[in-house]
1. Nearest 500 deg cm²/dmol is fine: what mean residue ellipticity at 222 nm does the chain get from its DSSP H runs of n ≥ 4 alone, each adding -39,500 (n - 2.57), divided by its residue count?
2. Using a 1.4 Å probe on the protein heavy atoms, what percent of the accessible area of the chain belongs to carbon and sulfur?
3. Ratio of alpha-carbon Rg to the 2.2 N^0.38 Å globular estimate for the chain, to two decimals, please.
4. Over the C-alpha atoms of the stretch 1-75, what are the Rg and the largest Cα-to-Cα span, Dmax, in Å?
5. Which FRET efficiency value, to the nearest 0.05, is calculated for residue 144 and residue 56 with the Förster distance at 22 angstrom and r the Cβ-Cβ distance?
6. Points 7 angstrom from Cα along the Cβ direction at residue 25 and residue 91: gap in nanometres?
7. Show me, for the stretch 71-82, the HN-Hα J-couplings you get by feeding each phi into the Karplus relation (A = 6.51, B = -1.76, C = 1.60, θ = phi - 60°), rounded to Hz, glycine and proline as x.
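The values are calculated or read from the model by the stated rules, or taken from the named source; none is laboratory data. The structure presented is a predicted model; accordingly, all values stated were derived computationally and were not measured. Here the Cβ positions follow ideal geometry from the backbone for every residue, glycine too, while neighbour counts run over all protein chains shown. SASA here: full protein model, heavy atoms, side chains in, ligands and nucleic acids out. Shrake-Rupley method; radii C 1.70, N 1.55, O 1.52, S 1.80 Å.
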Amino acid sequence: MKEMPIFEEVFNRLIKLPGFGLKFLIGGLLSFVPIVNIFAFGYLYRLSRAVRKSGQPFLPVWHDWSGLFLDGLRFTVVWLVYWLLPISLASLIALLMPFVYLGALTSIFFLTSVLLSTVLFSSALYRYNMRNNFKDLFDLLLIIRMTCMEMPRLILPGFVFLGFLVLLQPFYGFAIFGGFLILITYTSLRYRSLEGNPTFSF
């Protein structure tokens, strides 16, 4: 089995890569605008594939904008199914909780749902990247098993992502892009280190 990545080390290496500030700024600004944010999604998609291929933190170049848009659509499919849909369902349940005298737990329930959906999404994205086949997204049980298997190691980056969303709400574009940038880098490295290990076959 390959060397296991440590989140703090991955985070430090990522932010010290040449051009990190400018690339983060571009992605964050694009993420503020609906439809335009698909280009930022395309960048995150390319980042996930590059990290899986190289086994190192990596920041792609902002170029080939038509290709970025197409890659962003691929990312969006995974994002809609495994991130936005679960969070939307959790929001609906949270709205109903006061009617069954569970209103005091609404915030905890919703934030936990966002955390779990974020980790589930990162697993689904990696699974899709393994064969670049949307059919793999239907293997829900496998993706859940991947998530549960790595949950103890992915909770910390998940909390970092959640912290970005909570603390940087007025700057949500930077919060979403930066949170996913860090999360996807780490989870891609983490799952890559497990590929080929029969104990963790996926």
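1. Only helices count here, giving -23500 deg cm²/dmol.
2. Its accessible area is 72 percent carbon and sulfur atoms.
3. Taking the Cα Rg and dividing by 2.2 N^0.38 Å, one obtains 1.01.
4. So, for the stretch 1-75, Rg and Dmax equal 13.2, 41 Å respectively.
5. It comes out at approximately 0.20.
6. 3.2 nm
7. With the stated coefficients, the stretch 71-82 comes to 5, x, 5, 4, 4, 4, 4, 5, 5, 5, 6, 9 Hz.
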